[in-house]
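What follows is one structure encoded as structure tokens, with my remarks underneath.
The values are calculated or read from the model by the stated rules, or taken from the named source; none is laboratory data. This structure is a prediction, so every number in the text was calculated from the model and none was measured. Don't worry about glycine lacking a Cβ; one is built from the backbone with ideal geometry, like all the others, and counts go over all protein chains shown. Surface areas here come from the heavy atoms of the whole protein model, side chains and all, with no ligands, DNA or RNA. Shrake-Rupley method; radii C 1.70, N 1.55, O 1.52, S 1.80 Å.
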Amino acid sequence: MTAAFKGRIALSAFLALTLGACALPGPGVVKASPSTSGLAIASPTPPPITPPTNLVRPGTVTFLSDTTYPPQESMDTNNQAVGFDIDIAQALAAKMGLTVTIQKTDSPQIVGALLAKKGDAIISALQVTPDLQRQVALVAYFRAGQAILVRKGNPSGITALSDLCGKKVSVQVQSPEENSIDELNGAACKDSKINKQVYPTDLQAVLILKQRGVDAALDDSPVAAYFVKQTPDQLEQAGSPFKMNAEGIGIDPKNGELLKAMQQAMMAIYQDGTYRQILTNWNLLDGEIPASQIVVTPSPSTS
């Protein structure tokens, strides 16, 4: 229902390495830090967006987020929430003339917390699924899937999934990417199977790629893009992401006022270029969602 838990758990080690080994505190309210890429979100001209009034805290949109999944949401060394999702939240709130508060919430409890009015909305790499659509209203803002990572220069010439046949490929154990390799070995690669190398975390799976122990690694597409952004001299992405699914901002279906404002704000940042600028800053252009898919479930089923 939410983003893959495996990614959040595995990336705790990655956070420790890239964010100065800071200890992550328990759930609580934190400030949202502006993007380190220097994105400036201008104060909006009074838009035709009516700011919602029934907010948990007046004047601010309280977003629930599991801040353990870079590059979408994580905590920096100053205990500030940062990431692609955080920048999107700030841009949306700015279009409503409001500020942002990030309420750290673990993924398994995040939908319940929203419906218990602990926050106004969820922005936390939520995959849009039929089950989720029955519980919350959704405004789509991103697409994520799986991606192939290779060493810089792509020495094995991998450009598509079929090129993995007969190659050594690393993945995290019991992950969607491992399932993808098993599927390939039963179909396109059945006559020249992929030599699957399984590791406890995706960090280890990518490390063995850097050390030339495998030809490629499979990872969540936003995480793969983040590895490339962090070490562009060592890694690159081969081909386009695959098995892409929409991710959405979750809103209580009873809160029609906020839902309407969020849909309008998302369309506004799409149209004025802010959305694409944020995607570019985080190396996530592959995850751009078409404007036609922004409104997902304005009136979800209550069954």
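FRET efficiency for residue 159 and residue 129, Cβ-Cβ distance as r, R0 = 45 Å, nearest 0.05? After rounding, the FRET efficiency stands at 0.90. Along the Cα-to-C-beta direction of residue 152, a point sits 7 Å from the Cα; which residues of the stretch 214-234 have their amide N less than 13 Å from that point? Counting backbone N atoms under 13 Å from the label point, the list is 228-234. What the pair-distance distribution of the stretch 141-205 shows, using all Cα-Cα distances binned every 10 Å from zero, is 20, 52, 25, 2 percent.
Taken over the stretch 108-217, the convex hull of the Cα atoms encloses 139 Å³ per residue.
For the pair residue 231 and residue 245, label points projected 7 Å from Cα toward Cβ lie 2.8 nm apart. For the stretch 186-263, taking Cα atoms only, Rg and Dmax work out to 18.5, 56 Å respectively. Taking all protein chains as shown and a probe of 1.4 angstrom, residue 50 keeps an accessible surface of around 100 Å². With contacts taken as Cα pairs under 8 Å at a separation of at least 6 residues, the stretch 188-303 carries a relative contact order of 20 percent. Projected onto planes of every orientation and averaged, the convex hull of the alpha-carbon atoms in the stretch 80-136 covers 4.4 nm². Taking label points 7 Å from Cα along the Cα-to-Cβ direction, residue 116 and residue 53 give a separation of 2.9 nm.
Against the criterion of solvent-accessible heavy-atom surface with a 1.4 angstrom probe, 84, 242 sort, most first, into 242, 84. If you look at the Cα atoms of the stretch 48-179, you get an Rg and a Dmax of 18.7, 58 Å.
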